[in-house]
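Remarks on the structure that follows.
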Amino acid sequence: MNYVSTRGGIAPVSLEVAMAAGLAPDGGLYVPQRVPVVELARPQATLAQTAQQVLAPYFAGSDLLGHLPQLCEAAFDFPAPLRALDGTDDYLLELFHGPTAAFKDYAARFLAGTLARLRRPADPTTTVLVATSGDTGAAVAAAFHRRPGFRVLVLYPDGRVSPRQAHVLGSFGDNVQAMRVDGSFDDCQRLVKQALVDASLRERLALTSANSISLGRLLPQIAYYAHAALDFHTRRGMPLDFIVPTGNLGNALACWLARRMGLPIGAIVLACNANDALPRYLDGGDYAPRATEATLANAMDVGAPSNFERLRWWHPDDAGLRAGLRAFRVDDAAIRDTIAGAPQRHGVVPCPHTAVGLRVLERLRAGGDAGNWAVVATAHPAKFEGVVEPLVGHAVEPPAALATALAQPAHAQALAADYAALREHLLRGVDA
Ligand SMILES: *Cc1c(COP(=O)(O)O)cnc(C)c1O
């Protein structure tokens, strides 16, 4: 399989090139030249084995294909259970059982494993630079922690991530350094982008970004949709419908790809917070990215979802694109109400992002919808204790992996939202 850019400005490249680069040189996003169809009647025994089956066609022709079993075993070594909600036929697809308690662990671990495999012994240390509003940075840091040949620099906006998120980011040590930036998430992103396009910096430093538009983060996410849908289909003989809490559209796009690969997935509904560029567009409006609005579901605070460019590439026509997806907007008041009511209504305590999905489920059911819905649970509620605990009225215990990180000392270095300061920091200790 070869990969092309959504901007059409490059000749097809191999999987290795697309995985290592992140962004295509013409500024576009890498997409597979065609979406492969897989013939799978049932899930494999483990998530890792299903992952191997659905990812194999994307690795066809690559030297990495032979390593795919080990890459999948290493990245998909914690479960993604489909858990029935109380008293209904609805499900949660729980994707938060990894080391940093959010779905991004799967893809970050797969990408880290792949980049480590692509490394040659003589290569210089690669600096992985990530801007984060909380979850991405932790997942990427955990995935690269103590991997020889890599160092990670995580930039987060000081005071604007939850206290537990900040603690986790600062808890790794070794080859991971957390930087608390005196600025917003947008400032952090701007600094990372500036570094990535700084040619004279890149001459002295091997730099990559592991950001959410990287192909190596998109593809592995197909696995859990495939595994859950095949499991449901085997038991019930029907496709499974998904409600996906959506920000940058990466997770939902993987679901869409899984359906296009022939897996038994029915409807896909995007659950968005007040950042509603996608609901507006899918309801017939123009596609108009906007300034980001801060909400309780902060990992979904995205005004201009990057992966929309990939969807567009597959569906240049509005009608075709709109036919396969729906989206709903959920505001902060509804998020609060859903979190407060969820223990009673559904028997679960959701994180604010999962609550956006649950709210959409409630709306669909109230309107008489008879789908077989699974709401994607994107993070563990204990990561967002400041929002969740007052609403449900009790403490939410962190899962074991998160508790371990929280028990470590944490350290973050202060950084001004100033590119010269970041550049100097990046070069400290390099060649001299
Ligand atoms: C990143 C994230 C999302 C949004 O996922 P996208 O792939 O950006 O759409 C939703 N929930 C949580 C908890 C996240 O960390």
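The values are calculated or read from the model by the stated rules, or taken from the named source; none is laboratory data. Note that the coordinates shown come from a computational prediction; the quantities given were computed from them, not determined experimentally. Ideal geometry is used to build each Cβ from the backbone, glycine not excepted, and the neighbour counts take in all protein chains shown. Note: accessible area is taken over every heavy atom of the protein model, side chains too, but ligands, DNA and RNA are not part of it. Shrake-Rupley method; radii C 1.70, N 1.55, O 1.52, S 1.80 Å.
Here are the numbers:
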item: Contour excess over end-to-end distance, with Cα ends at R428 and S62 and 0.36 nm allotted per residue; result: 128.1 nm
item: Most positive-pole-ward Cα, A297, L95, A107, against dipole of the chain from beta carbon charges; result: A107
item: For A410, net neighbour charge (Lys/Arg +1, Asp/Glu -1) across residues whose Cβ lies under 15 Å away; result: +1
item: With every protein chain in place, the range 121-220: carbon and sulfur % of accessible area (1.4 Å); result: 48
item: Protection proxy ranking, peptides 169-176, 358-365, average beta carbon neighbours within 10 Å, highest first; result: 358-365, 169-176
item: Efficiency of FRET between A304 and R7 - r from beta-carbon atoms, R0 25 angstrom, step 0.05; result: 0.95
item: Over the chain, relative contact order from alpha-carbon pairs under 8 Å, at least 6 apart, %; result: 19
item: Part-to-part distance (alpha-carbon centres) for the range 209-263 and the range 98-136, which is given in Å; result: 20
item: Debye equation applied to the C-alpha atoms of the chain, log10 I(q)/I(0) at 0.10 Å⁻¹; result: -0.66
item: Sum of side-chain charges, T295 neighbourhood, beta-carbon under 10 Å (Lys, Arg +1; Asp, Glu -1); result: -4
item: Net charge of Cβ neighbours under 12 Å - reference L29; Lys, Arg +1; Asp, Glu -1; result: +2
item: Dipole magnitude of the range 45-127 about its Cα centre (Cβ charges: Lys, Arg +1; Asp, Glu -1), debye to nearest 20; result: 460
item: Cα centroid separation, the range 1-40 to the range 322-345 (Å); result: 34
item: Share of carbon and sulfur in the accessible heavy-atom surface of the range 71-115 [1.4 Å probe, %]; result: 51
item: Accessible solvent surface per residue of the chain, calculated while the other protein chains remain in place, 1.4 angstrom probe, Å²; result: 38
item: Within the chain: Cβ-based charge dipole about Cα centre, in debye rounded to nearest 20 (Lys, Arg +1; Asp, Glu -1); result: 640
item: Sequence ranges 302-310, 400-408, ranked by mean other-Cβ count within 10 angstrom, highest first; result: 302-310, 400-408
item: Span-like helix ranges in the chain, DSSP H, alpha carbon extent 20 angstrom or more, Kyte mean at least 0.0; result: 104-118, 352-366
item: Rg and Dmax [Cα atoms of the range 52-192; Å; Rg one decimal, Dmax integer]; result: 17.1, 58
